[in-house]
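To keep things clear, I will list the structure first and then write my remarks on it.
The values are calculated or read from the model by the stated rules, or taken from the named source; none is laboratory data. Just so you know, these numbers come straight off a predicted model, no measurement behind them. FYI the Cβ positions are ideal-geometry reconstructions off the backbone, even for glycines, and counts take in every protein chain you see.
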Amino acid sequence: MQEEFVQFVWHHGLFKNKPLKTIHQGDIMLFDRGLLNIDAGPDFTNARIKMNNQDWAGSIEIHIKSSDWKAHQHLGDRRYDSVILHVVWHHDGYVALRHDGSKIPILELKSLVEESVILNYKALCGDLNMVPCKKFNPTRYDIQLKSALHRAIADRMIQKSARLLSLIEMHSNNWHKVFYIAIARYFGMKVNADAMEDLAFRTPNELLAKNKHSKLRIEALLFGQSGFLDAPAEDEYHAKLKQEYNFLKKKYDLTSMSILSWKFSKMRPANFPTIRISQLAALISKQSHLFSKVIQEKNVSILKGFFAIENTDYWRSHYKFGVLAKRGVQQLGSGTIESLLINVVAPMLFAYGKHRNDENMKERAFDLLELLKPEDNKFTRWYKDIGFPNNTAYDSQAIIGLRENYCEKRLCLHCSIGIKILDKTE
Ligand code: SF4
């Protein structure tokens, strides 16, 4: 039993329809169960009840067992003098007192709640190897489904933008720089994301902009800073980049990363950090003022076109320095570009809108997601299979957000679908 569930039962009044009595057999009539209090102090405020024909107005405190009053250190806390009823799942003999010595009446809930509500609650918090509420056929509750997904995607956008906004603060509102860092991080996939971000920190976008007239220089800067040019030359191209980097390193007083920062194992060659750095270099060589362009452009095809890049001949035929690819190396595919729009561009639009209090810009982030194909992974398939919509990236991001922030954290009592399942009267 969790206290949160006891609170939920009280909040939604999920008791049997029979007269309520305190543990000392006092009659209770409920007029208002109060407002859930998310700040310090009693759990519900502004409650109104009648006990033994006397009217009471004040707070309600909820616990699993009555001695939790002591365990939660409410003893002597004057904020709890306003409590008119101590609602517990199980009364274990403890009776709380106010400062004036008066006893706080206790209502025990365990015999008042239908077995089915308890069983449904336990089942909801069930198997994470599927949609935990699958057996309740959650998609039949259309309004609650839409509301849960809407909240999940809003939460997800806020979470993603929070990271970007902290970078904005760190980099004195330089959105171009933060966009560059976010793209670099994305190119690192999960495994090399931190290393890519480190590379972007060490290789400022302003430095790259100064040298973007030469593709070779951009590659020399990025590969040099990442540590890949510290090793002996594997071939002619590697040697050429090393020479270029040695010159730039002295000129700009640069410090490179350790090559050991990069991981290659258990990775498809197309995702090797060498390939991803070469793609980042190609994007930087191709584009100027990318953030400004992205902010202004609403046409998805044109947006995608910004990220369509051509790698150099060397990186079309190599996975690493000196290692020839058996087949040609793919350029940035359309799936990767869509994923970049979903995971970098949409959160950037949202963060930018949030920073400037611009609701239209925030809406544009959602509009963009609605124009992109949905992600297809194990989780989106599980939810789609039981009727969750997954027609656009908006849907798939909502499903992923619901899964990560609610289902996996077992927050069914905070999900409109879970609330509906437990409280069929809602
Ligand atoms: S959080 Fe919502 S969608 Fe997820 S298992 Fe619980 S009730 Fe179902």
Checklist outcome for this item: With criteria (1) buried (at least 18 other Cβ atoms within 10 Å of the Cβ); (2) at pLDDT below 95; (3) not aliphatic (A, V, I, L, M), GLU375 comes up short on (2)
Next on the checklist: If I go through segment 387-422 residue by residue, how many of them are more than 10 Å from the ligand (Cβ to nearest atom), closer than 27 Å to TYR121 by Cβ and in a loop (DSSP other than H, G, I, E, B)?
Outcome noted: 2
Item to check | Set GLU338, GLU404: member being among the acidic types (Asp, Glu) and touching a Leu at 6+ places or on another chain (Cβ under 6 Å) | outcome: GLU338
Checklist outcome for this item: Residue count, segment 96-115, condition surrounded by 12 or more Cβ atoms within 10 Å (Cβ to Cβ) and either of a type outside the set (D, E, K, R) or within 16 Å of the ligand (Cβ to nearest atom) (or both), comes to 9
Checklist entry - Given the conditions (1) basic (Lys, Arg); (2) near the ligand (Cβ under 9 Å from one of its atoms); (3) part of a helix (DSSP H, G or I), and given that LYS384 satisfies all but one, which numbered condition is not satisfied? => result (2)
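Restricting to helices (runs of 4 or more DSSP H) lying wholly in segment 136-243: which have 3 or more residues that are not acidic (Asp, Glu) and not assigned by TED's automatic domain parsing to the domain that holds LYS320?
Numbers: elements: 142-170, 175-187, 193-202, 205-210, 215-226.
Per the criteria, 142-170.
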Item to check | Yes/no for ASP81 being part of a loop (DSSP other than H, G, I, E, B) and under 30 Å from ILE60 (Cα atoms) | outcome: no
Checklist entry - What pairs come up if the first residue lies in segment 123-134 and is closer than 13 Å to ILE417 by Cβ, the second is among the aromatic types (Phe, Trp, Tyr) and more than 9 Å from the ligand (Cβ to nearest atom), and their beta carbons are under 8 Å apart, counting only those six or more places apart or on different chains? => result VAL131/TRP382
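Residues in segment 40-67 that are among the small types (Gly, Ala, Ser) and outside any strand (DSSP E or B): how many?
Of the residues in segment 40-67, the ones among the small types (Gly, Ala, Ser) are 40-41, 47, 57-59, 66-67.
Of the ones still in play, those that are also outside any strand (DSSP E or B) are 40-41, 66-67.
Of the residues in that region, 4 qualify.
Could you go through segment 6-16 and let me know if any residue there is surrounded by fewer than 16 Cβ atoms within 10 Å (Cβ to Cβ) and touching a residue at least 12 places away in the same chain (Cβ under 8 Å). Even if it seems obvious, please write down each step before you answer.
Quick first cut of segment 6-16, residues surrounded by fewer than 16 Cβ atoms within 10 Å (Cβ to Cβ) only: 13, 16.
Filter once more, so that each one left must be touching a residue at least 12 places away in the same chain (Cβ under 8 Å): 13, 16.
Looking for residues that are surrounded by fewer than 16 Cβ atoms within 10 Å (Cβ to Cβ) and touching a residue at least 12 places away in the same chain (Cβ under 8 Å), one finds at least one in segment 6-16, hence yes.
Against the definition (under 30 Å from HIS63 (Cα atoms) and part of a helix (DSSP H, G or I)), how does LEU119 come out, yes or no? Give the steps one after another, and end with the answer.
Values: under 30 Å from HIS63 (Cα atoms): yes; part of a helix (DSSP H, G or I): yes.
Answer is yes for this residue.
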Checklist entry - Which residue, of GLY188, GLY227, is more than 21 Å from the chain's Cα centre (by Cα) and among the small types (Gly, Ala, Ser)? => result GLY227
Checklist entry - Condition test on ALA270, is it assigned by TED's automatic domain parsing to the domain that holds ASP198, of a type outside the set (Ser, Thr, Tyr), modelled with pLDDT of 95 or more and closer than 23 Å to ALA195 by Cβ? => result no
Checklist entry - Going through segment 330-347 one residue at a time, which ones are surrounded by 20 or more Cβ atoms within 10 Å (Cβ to Cβ) and assigned to a loop (DSSP other than H, G, I, E, B)? => result LEU332
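For every residue, the table says whether it meets (1) of a type outside the set (D, E, K, R); (2) touching a residue at least 24 places away in the same chain (Cβ under 8 Å).
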residue: PHE379; (1), (2): yes, yes
residue: ASN390; (1), (2): yes, no
residue: ILE400; (1), (2): yes, yes
residue: ARG410; (1), (2): no, yes
Item to check | Residues of segment 135-145 classified as under 13 Å from ILE419 (Cα atoms) and within 12 Å of the ligand (Cβ to nearest atom), total | outcome: 5
